[in-house]
Amino acid sequence: MSLEQFCFLVLILVAVHGTPVDETDDEWRIWKLMFGKSYGSLIEESRHRETWLEKLNFVQRSNKVDIHFRVGLNEFSDQKTKPRRLTRVNDVGYPELNVPGIKSHLTKGAPLSWDWREHGAVSPVKSQLQTENPEAVVAAECVESYRVITEGRSLLSCSNVEVQQCCLDRGLYNPHVFDCLHVTGLCLNSTYNPNTGTCSNGTCTSVASVKGGRAVPRDEKLMQTSLLSNPLMVLIDASQNSFLNYQGGVYDDSNCSKALLNHVVQIVGYGTDNGTDYWICKNSWGPSWGMNGYINIVRNKNMCGIAEFVTYPI
């Protein structure tokens, strides 16, 4: 055992068997209990606690500032941030939406707010832990919604692992994923066998398919109109501590990048809160994150690059 490891062990032993090390001991124990956290050793726990303490300090500082959104501890607060960054590419590979007069139609006829959840077209919040690729989850969710909206069918749980194994061999983001799903279709999560490690959709029956995909230009007014047809898949920068610890309100952080993007979410609606326009975004970090798995991101500011890569199935 190294000297560093020994010192860590002494600190933990004092915390457990003696006088508390600091006033955050009770908060740490309550947080572990709340999220069912356990660690393989006292040394491992001390390292996770150090990260958790950094997040706690960030939360306490941030919530003292008069901002439009709140942050707080969640189940990921003991984990170091490991952002995967994608440098902006100009061509997403789909034909762009081009409808004459679409902006005037938007201002005259679009509803002031919209939420596909109210129309039964959004599946429950999922976790990307099985694939570790948010695009696989969001692409499957968009196809699930497309099936409900265009065919009037009930929601199904399609296999995001199938999307990962059959269509996402290019890493975080494949702009042609909906073209791939046009060819392969999607099986139910319960019937697709992920254990082969490779695409195995020949062993299950496809229950949902699309004709391909379409991209929306870098224009949030066009995004708003497009959303009235189907939920959207977008790339964003989710690497800021303010995003990772988001709990509610309209998210607006000037430190969020518009060019370096590392996460994929689904836009399912839009609205306005006290004069501030926002997008309703469904994340893939489980229902304990954010507002039951959702985040409202400020609209018409290209916040976190939300307008840079926008696609949806057709």
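The values are calculated or read from the model by the stated rules, or taken from the named source; none is laboratory data. This is a predicted model, so every value here is computed, not measured. Counting neighbours? That spans all protein chains shown, and the Cβs are built from the backbone with ideal geometry, glycine included.
If I ask for residues that are assigned to a helix (DSSP H, G or I), free of Cβ contacts under 8 Å to residues at least 60 places away in the same chain and touching a strand residue (DSSP E or B) at 6+ places or on another chain (Cβ under 8 Å), which ones from the stretch 24-72 would you list?
Matches in the stretch 24-72: none.
Is it true that S288 is of a type in the set (G, A, S), within 19 Å of K126 (Cβ to Cβ) and surrounded by 24 or more Cβ atoms within 10 Å (Cβ to Cβ)?
Taking the combined requirement at face value, the residue does not satisfy it.
Of the residues in the stretch 237-255, how many are closer than 22 Å to G286 by Cα and in contact with a Ser or Thr (Cβ under 9 Å, 6 or more places away or on another chain)?
Counting residues in the stretch 237-255 that are closer than 22 Å to G286 by Cα and in contact with a Ser or Thr (Cβ under 9 Å, 6 or more places away or on another chain) gives 10.
State all residues of the stretch 3-59 that are exposed (fewer than 14 other Cβ atoms within 10 Å of the Cβ), at pLDDT 50 or above and polar (S, T, N, Q); if no residue qualifies, say none.
S38, S41, N57
Filter the stretch 250-270 down to the residues that are in contact with a Lys or Arg (Cβ under 6 Å, 6 or more places away or on another chain) and either of a type in the set (D, E, K, R) or modelled with pLDDT under 95 (or both) and list them by number.
Across the stretch 250-270, the qualifying residues are A259, L260, N262.
Could you grab me the full set of residues in the stretch 279-314 that are in contact with a Lys or Arg (Cβ under 9 Å, 6 or more places away or on another chain), within 24 Å of A259 (Cβ to Cβ) and outside any strand (DSSP E or B)?
S284, N300, N302, M303, C304, G305, I306, A307, E308, F309
State which residue is modelled with the lowest pLDDT when the search covers only the stretch 113-142 and only residues that are of a type in the set (A, V, I, L, M) and surrounded by fewer than 24 Cβ atoms within 10 Å (Cβ to Cβ).
L129
Confirm whether G275 is surrounded by fewer than 21 Cβ atoms within 10 Å (Cβ to Cβ), touching a residue at least 24 places away in the same chain (Cβ under 8 Å) and farther than 23 Å from R61 by Cα.
So G275 fails the test.
Given the conditions (1) surrounded by fewer than 24 Cβ atoms within 10 Å (Cβ to Cβ); (2) in contact with a strand residue (DSSP E or B) (Cβ under 9 Å, 6 or more places away or on another chain), report the number of the one that I295 does not fulfil.
Every condition holds for I295 apart from (1).
I'd like to check something: does the stretch 146-168 contain any residue that is of a type in the set (D, E, K, R) and either on the phi > 0 side of the Ramachandran plot or touching a Gly at 6+ places or on another chain (Cβ under 8 Å) (or both)?
Within the stretch 146-168, not a single residue is of a type in the set (D, E, K, R) and either on the phi > 0 side of the Ramachandran plot or touching a Gly at 6+ places or on another chain (Cβ under 8 Å) (or both).
Within the stretch 244-262, take every residue that is closer than 24 Å to W31 by Cβ and crowded, with 24+ Cβ neighbours inside 10 Å and give me the one that is farthest from the chain's Cα centre (by Cα).
Within the stretch 244-262, the match that is farthest from the chain's Cα centre (by Cα) is Y251.
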